[in-house]
Amino acid sequence: MLMRKLKHSNYSITKFLEAHGIEHQIVQDDPDWIVVHPMFGNYLVHDKAILETLSQDNLQRLKSGKSSLLFWYPYETEHYGHPNVRRQIEGCLDTVGGTSDRVFLVTGNLNAPFKPYPMKLVDAWYKNMNTVFYDYVARISPEFHEEIQKCIHRNRLIENVTLNELKKLPFPKDFALHKVQDLLTRDSLIEVREPVKSIPLLWFDWQLTDFLQGREELDQLQNSDSYKDDKKKAYMCLNGKDKHTRRYLLDRLPMEHGHVSYVCYDGVDRHIRGSRSVPIILDQEKHSIKRNDRWMNPEIYHDAYINVVTEAFPDKETDCFITEKTFKPMLQLQPFMIQGNRHTLKRLREYGFHTFPELWDESYDELETWQERTDAMLKQLHSFCTLSTHDQLAKCKQVWWSLLHNQEMVLKTSTDVTKSAHLADILRAFSSGG
């Protein structure tokens, strides 16, 4: 694996590999994978010649298909650049005259379509033992291939080879179902016509907990003992970067009921009009929030019953980005509403997290436009804010076990491969070491 221009170590692919127990070795010659870590959204626009910095041997490995190329970018900034990251990568490929069809982008867009062949389907093949399954076993074992050829020769024609005869053949000693899965994964991904195959990865849950643990800030989380029943605010809604989707929400928030910040650490966008004056400084100043946007000020989090999350790109209607913003309330035992992409709540439930249909109408998650989703969510928020403090607390206690479940899910995510199994499978499938 060849690595250049690493970002902060917490963001690197080696952190992912270590967290998920994937054996790897960093080499300068003959790598299975050449990994590029873009520094920021427009990085590849300004440095399309990045692949020209490779040695001629490694560049030739790329073009011949002996090495795979992976752009590690599992963040929410895919749309900051124009063209987007995938088109930027294609520009890098054009600069060196193209490479093989083994080029991948690890993206935080969970709606990216390219995934490995599911193990459950491989297992079904194994249980049914159809002839196609034996074809794949033959591809992973030359010894088994020879046995099939002998069987075909005895029957003169392959059509005459029965499934019962194949079942009599001895399986190779090193047979493993994941080897069949690896072949199917390679086949399905290479057949994709896109020059850059996108691999979705939910990364921020692990990245957030690892960051907090490294800074010894996990002790600032609410727990069953430290949870404060008497909170001053119904909700909280913290915002660092100025965005038109967030301004839309800000103008409609019941401000008197919430802890609300709108820091605009990147500067106030004069093209975005709103009825409320910004910035609104609550927990961190401009100069500090960008250095530590993972911190969760306990004074604020422990003093609001629920959390209104403003996700990164709610206006990208075909995509789905779920970042640390969503996992912060989970760690702090807060029910949440999300201004996010369509089906964000549905996606969280698919991953095993709990949402809160017992507390309010979550059908806003199904609406087609971000404005419709925001308006419907705000209707539920305003209704919650009309409740007494006693009733707001009762609502939170009603879903207490779901809150504890979510917190445990995020805290244990470093050992949970379910949300990142796609990448782990693909890395294995395209690595000669297996």
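The values are calculated or read from the model by the stated rules, or taken from the named source; none is laboratory data. Only a predicted model underlies this, so the values are computations on that prediction, with no experimental measurement involved. Please note: Cβ atoms are built from the backbone with ideal geometry, for glycine as well, and neighbour counts cover all protein chains shown. Side chains included, ligands, DNA and RNA excluded: accessible areas come from the protein's heavy atoms. Shrake-Rupley method; radii C 1.70, N 1.55, O 1.52, S 1.80 Å.
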Answer yes if at least one residue in region 396-406 is outside any helix (DSSP H, G or I), surrounded by 14 or more Cβ atoms within 10 Å (Cβ to Cβ) and either polar (S, T, N, Q) or free of Cβ contacts under 8 Å to residues at least 12 places away in the same chain (or both), and no otherwise. no
Say we look at region 216-227 and pick out the residues that are within 22 Å of His259 (Cβ to Cβ) and either at pLDDT 95 or above or in contact with a Phe, Trp or Tyr (Cβ under 9 Å, 6 or more places away or on another chain) (or both); which of these is least open to solvent (accessible area, probe 1.4 Å)? Gln222
Could you list, in sequence order, the residues of region 380-395 that are touching a residue at least 12 places away in the same chain (Cβ under 8 Å) and not aromatic (Phe, Trp, Tyr)? Gln380, Leu381, His382, Ser383, Cys385, Leu387, Thr389, Gln392, Leu393, Lys395
Does region 46-67 include one or more residues that are at pLDDT 90 or above, in contact with a helix residue (DSSP H, G or I) (Cβ under 8 Å, 6 or more places away or on another chain), among the small types (Gly, Ala, Ser) and buried (at least 16 other Cβ atoms within 10 Å of the Cβ)? yes
Could you list, in sequence order, the residues of region 315-354 that are over 19 Å from Asn109 (Cβ atoms), without any contact (Cβ under 8 Å) to a residue 40 or more places away in the chain and either aromatic (Phe, Trp, Tyr) or open to solvent by 10 Å² or more (accessible area, probe 1.4 Å) (or both)? Phe336
Picking from Asp205, Asp251, Asp269, the residue that is out of contact with any Leu (no Cβ under 8 Å at 6 or more places or on another chain), touching a residue at least 24 places away in the same chain (Cβ under 8 Å), open to solvent by less than 10 Å² (accessible area, probe 1.4 Å) and among the charged types (D, E, K, R) would be Asp205
In region 295-314, residues that are open to solvent by less than 20 Å² (accessible area, probe 1.4 Å), part of a loop (DSSP other than H, G, I, E, B) and either in contact with a Gly (Cβ under 8 Å, 6 or more places away or on another chain) or under 21 Å from Asp210 (Cβ atoms) (or both) total 4
